Every structure is written in structure tokens, then in C-alpha cells.
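Chemist: Take this structure, written in C-alpha cells, and hold onto it; I'll ask about it next.
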Amino acid sequence: MQWVGFGILGLTTILLQVRVGPLLEWHGMRPDWVLVLIVFYTLHTRGLGAVAGAWMLGLAMDLQSLERQGLVALSYTVAALLVVEVRGFVVPRSLSSQTIVTLFPAICVQAIWLIYRGVVHGGSTSGWLAMILSAAGAAVYTAAFAPLLHSALLAVSKLLGLRVRRSRR
């Protein structure tokens, strides 16, 4: 894994997430492009370098909040570990694989954040239902961006010094 390319792309994605993400908010749901980047790198690299990269990007995203230091880093690390477990069973260039492999970590990340919000802020039964629907919608919204972003990242993968995997092995 080329750390310089990953760092530049990661910081660019974080900036886009912070600046453009709110403009695409729909009923309180935003796509998580940083998670899509993490899934892409985890699918196309060997070893656990992408997991360490996910943790670092999570720490950088944690700087955006005064409330939850470490929560995003933990959730992105768990998401990367999930992708590590399934990457040998999927075809990384398939649009359906990209979408599904992004959807399940996105659900996991949203579940971790949902539990945090529920424990810290509490909520009534109707509040929980709204939070669950919002979390599920955000995960689907994130997964919908996966094929587009994966295609763009595949196009510049050589420029980033990333050798992408062509098959399951």
C-alpha cells in the first residue's frame, strides 16, 4: 500500500465529506465517502495496511467532533476488518460486489453510531425508530455511491501506486 497516495486521497475525501456532504444531505442522511474509500483500499490491498489506514482516517474524522473522540476510528476499523474477512470471496470489480461490500460495513458503522447516540442521548421508542430508519437510510445512501467512486478510484489507481486485484485471489 502506498501511504502517500492514500494520505493525499484520504485527506481530499475528508475535505469533500465535510464540505460537500452536507449539501447532499437528504432527510438527515449523508453519504459517507470516507467509508467508501476505506472499502476500496481494503478490497484492493493485501495485508492489514488498509485497516491501519481506516483507523487513521477515523482519527482524522474524529477531529471534526468534540463529542465522540475515538468512535469514528473504532467504527471504521471494524468496517475495514469486515471487508478483510470477505474480500477473498468477492470479485472486486463487480458493481454488485462493490455495492454489497460497502453496504454491510456501512450498516455496521451506522449501528455503532446509533448505539452511541442512544446510550449518550437516550430517546423514546418513537425516537429509536426514527434513528434506526435514518441509520439504515444513510447506509444505503453510502452504498449507492460505491460503484461510482470505485470506478473513479480504479481509473486513477496506477497514479496512486496501487495495484488493484483483478480476481478473487
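Chemist: Kindly establish whether Ala73 is assigned to a helix (DSSP H, G or I) and surrounded by 17 or more Cβ atoms within 10 Å (Cβ to Cβ).
Modeler: yes
Chemist: Among what's in region 76-101 and is part of a helix (DSSP H, G or I), modelled with pLDDT under 95 and hydroxyl-bearing (Ser, Thr, Tyr), pick the residue that is surrounded by the most Cβ atoms within 10 Å (Cβ to Cβ).
Modeler: Among residues in region 76-101 that are part of a helix (DSSP H, G or I), modelled with pLDDT under 95 and hydroxyl-bearing (Ser, Thr, Tyr), the one surrounded by the most Cβ atoms within 10 Å (Cβ to Cβ) is Ser97.
Chemist: How about region 102-117: which of its residues are touching a residue at least 40 places away in the same chain (Cβ under 8 Å) and crowded, with 19+ Cβ neighbours inside 10 Å?
Modeler: Passing the criteria: Thr102, Pro105, Ala106, Val109.
Here is a yes/no grid of residues against (1) in a helix (DSSP H, G or I); (2) under 25 Å from Tyr41 (Cα atoms); (3) open to solvent by 20 Å² or more (accessible area, probe 1.4 Å):
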{"position": "Val119", "(1), (2), (3)": "yes, no, yes"}
{"position": "Ala135", "(1), (2), (3)": "yes, yes, no"}
{"position": "Ala138", "(1), (2), (3)": "yes, yes, no"}
{"position": "Tyr141", "(1), (2), (3)": "yes, yes, yes"}
{"position": "Ala144", "(1), (2), (3)": "yes, yes, yes"}
{"position": "Pro147", "(1), (2), (3)": "yes, yes, yes"}
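So that you can scan it fast, the table gives a plain yes or no per residue for (1) open to solvent by 60 Å² or more (accessible area, probe 1.4 Å); (2) more than 12 Å from the chain's Cα centre (by Cα):
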| position | (1), (2) |
| --- | --- |
| Gly21 | no, yes |
| Val34 | no, no |
| Leu48 | yes, yes |
| Trp55 | yes, no |
| Leu63 | yes, yes |
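The values are calculated or read from the model by the stated rules, or taken from the named source; none is laboratory data. From a predicted model like this one, the values you see are computed outputs, not experimental measurements. We place every Cβ from the backbone using ideal geometry, glycine too, and count neighbours over all the protein chains shown. Quick note on the areas: whole protein, heavy atoms, side chains included, nothing else; ligands and nucleic acids left out. Shrake-Rupley method; radii C 1.70, N 1.55, O 1.52, S 1.80 Å.
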